[in-house]
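J.: This is the structure, below, for whatever I ask next.
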Amino acid sequence: MIAAWAARIHNRLYLVTGLRYQGATGIMRVVLKLMERISCVFATVVIPEGNGVKEVLIEDNICKNPANVLHHGNINGIDTSFFSSDVIKDSKDEIRRQLGIGLDNFVFIFIGRIVRDKGMHELVYAMKRLEGRNVKLLLVGRFESDMDPLDVEDDRFLHDNKNVVFVGWQNDVRPYLKASDALVFPSYREGFPNVPIQAGAMCLPSIVTDINGCNEIIIDGKNGFIIPTRNGEALYDKMLWMIDNPDAVAQMGINSRPLVESRYEQKDVWNALLNVYRSLD
């Protein structure tokens, strides 16, 4: 952004897709905050990814006058014709058989980096409390021990427990979403995550934390639940409720796709961004 200013580039757009300093402490937090302020100062237009990000930019004195959020948030949206259960030829039961998951199991899925910052400690706590219930955790992603390692016991549980099905990183997560009953996403911080949107398009409700983006995608009680961050007990309570109320969970799933189609369809988000570019002088 500084280079563009020095080169006298007339329009300099900064799309804020998340605020990394929120997960940092000490001198690193100071440095990351300063970087955000500099980026905003030298930008001519600052576009926050969601309303939560916009509020934080103002409250933390990062940017005094950010632009409006594009459409309903998320700067890319998703292609709902791609994220659709109908385009996956294998049935839910067949995918479960391939994964070694019982047809009568209630399956929670987590997709993302398997690190402490994504709420893995709380997820392990909840799964331990659910021991003995007919439940599986489908874990899609990769462990990043060098960047944000898990507690030793949590790491061991996710690798060794019989109720955890680990499939590693996947380029196409749709079959795994189709095999599941609900997304669990207890992250500590996000900008505007794609995973709950993708899950919703595949007719899955989500349990998310009360953080930027997540609390805009999920309407509590309609297409999932919003819980406090770093609260394993709250996560356990909602997971248990879902296991005990499969019909209500199925209805939440039915509610999910129309919300995604009306708010996060990729073409609509792209058109909103295109309109911003066209408005530049």
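The values are calculated or read from the model by the stated rules, or taken from the named source; none is laboratory data. Everything numeric here is computed off the predicted structure, so don't read it as measured data. Cβ sites come from the backbone with ideal geometry, for glycine too, and all protein chains shown count toward neighbours. These accessible areas exclude ligands, DNA and RNA; they are computed on the full protein's heavy atoms, side chains included. Shrake-Rupley method; radii C 1.70, N 1.55, O 1.52, S 1.80 Å.
J.: Looking for whichever is over 30 Å from ARG257 (Cα atoms) and among the acidic types (Asp, Glu) here; the options are GLU55, GLU36, GLU49. Which one fits?
T.: GLU36 is the lone residue from the list that is over 30 Å from ARG257 (Cα atoms) and among the acidic types (Asp, Glu).
J.: Mind counting the residues in region 131-171 that are in a helix (DSSP H, G or I) and either open to solvent by 40 Å² or more (accessible area, probe 1.4 Å) or of a type in the set (A, V, I, L, M, F, W, C) (or both)?
T.: Count: 8.
J.: Which of the residues spanning region 37-84 are among the small types (Gly, Ala, Ser) and either open to solvent by 70 Å² or more (accessible area, probe 1.4 Å) or farther than 16 Å from ASN11 by Cβ (or both)?
T.: GLY50, GLY52, GLY73, GLY77, SER81, SER84 - these are the residues of region 37-84 that are among the small types (Gly, Ala, Ser) and either open to solvent by 70 Å² or more (accessible area, probe 1.4 Å) or farther than 16 Å from ASN11 by Cβ (or both).
J.: State whether one or more residues within region 194-205 are under 13 Å from the mean Cα position of the chain (by Cα), without any contact (Cβ under 8 Å) to a residue 40 or more places away in the chain and on the phi < 0 side of the Ramachandran plot.
T.: yes
J.: Test THR44 against the stated conditions and say whether it is within 23 Å of the chain's Cα centre (by Cα) and β-branched (Val, Ile, Thr).
T.: no
J.: The conditions are (1) under 17 Å from VAL167 (Cα atoms); (2) at pLDDT below 95, and ASP117 fails exactly one of them. Which is it?
T.: Among (1) under 17 Å from VAL167 (Cα atoms); (2) at pLDDT below 95, the lone unmet condition for ASP117 is (1).
J.: With among the β-branched types (Val, Ile, Thr), part of a helix (DSSP H, G or I), modelled with pLDDT of 95 or more and open to solvent by less than 20 Å² (accessible area, probe 1.4 Å) as the only criterion, which of VAL208, VAL184, VAL260 stands out?
T.: The conditions single out VAL260.
J.: Would a scan of region 40-49 turn up a residue that is touching a His at 6+ places or on another chain (Cβ under 8 Å) and touching a residue at least 12 places away in the same chain (Cβ under 8 Å)?
T.: Looking through region 40-49, at least one residue is touching a His at 6+ places or on another chain (Cβ under 8 Å) and touching a residue at least 12 places away in the same chain (Cβ under 8 Å).
J.: Is one or more of the residues making up region 97-111 assigned to a helix (DSSP H, G or I), without any contact (Cβ under 8 Å) to a residue 40 or more places away in the chain and open to solvent by 40 Å² or more (accessible area, probe 1.4 Å)?
T.: Yes, some residue in region 97-111 is assigned to a helix (DSSP H, G or I), without any contact (Cβ under 8 Å) to a residue 40 or more places away in the chain and open to solvent by 40 Å² or more (accessible area, probe 1.4 Å).
J.: Here's another thing I want to ask about it. Kindly state which helices (runs of 4 or more DSSP H) lie completely within region 1-89 and contain at least 2 residues that are touching a Phe, Trp or Tyr at 6+ places or on another chain (Cβ under 6 Å) and basic (Lys, Arg).
T.: 26-42
J.: Under 20 Å from the mean Cα position of the chain (by Cα) and among the charged types (D, E, K, R) - does that describe any residue in region 84-96?
T.: No: zero hits.
Conditions tested, residue by residue: (1) modelled with pLDDT of 95 or more; (2) farther than 18 Å from ALA182 by Cα.
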{"position": "ARG96", "(1), (2)": "yes, no"}
{"position": "LEU99", "(1), (2)": "yes, no"}
{"position": "LEU103", "(1), (2)": "yes, no"}
{"position": "ARG129", "(1), (2)": "yes, no"}
{"position": "LEU139", "(1), (2)": "yes, no"}
{"position": "GLU144", "(1), (2)": "no, yes"}
{"position": "LEU150", "(1), (2)": "yes, yes"}
{"position": "ASP154", "(1), (2)": "yes, yes"}
{"position": "PHE157", "(1), (2)": "yes, yes"}
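J.: Could we say that GLY26 is farther than 22 Å from ASP210 by Cα and of a type in the set (Gly, Ala, Ser) here?
T.: In short, yes.
J.: Here's something else I'd like to know. If the Cβ limit is 8 Å and pairs must be 6+ apart or interchain, which residue in region 73-87 that is farther than 15 Å from SER262 by Cβ pairs with which residue that is of a type in the set (D, E, K, R) and assigned to a loop (DSSP other than H, G, I, E, B)?
T.: ILE75/GLU49
J.: Just give me the residues in region 11-36 being modelled with pLDDT of 95 or more and among the polar types (S, T, N, Q), in sequence order.
T.: Result: ASN11, single match.
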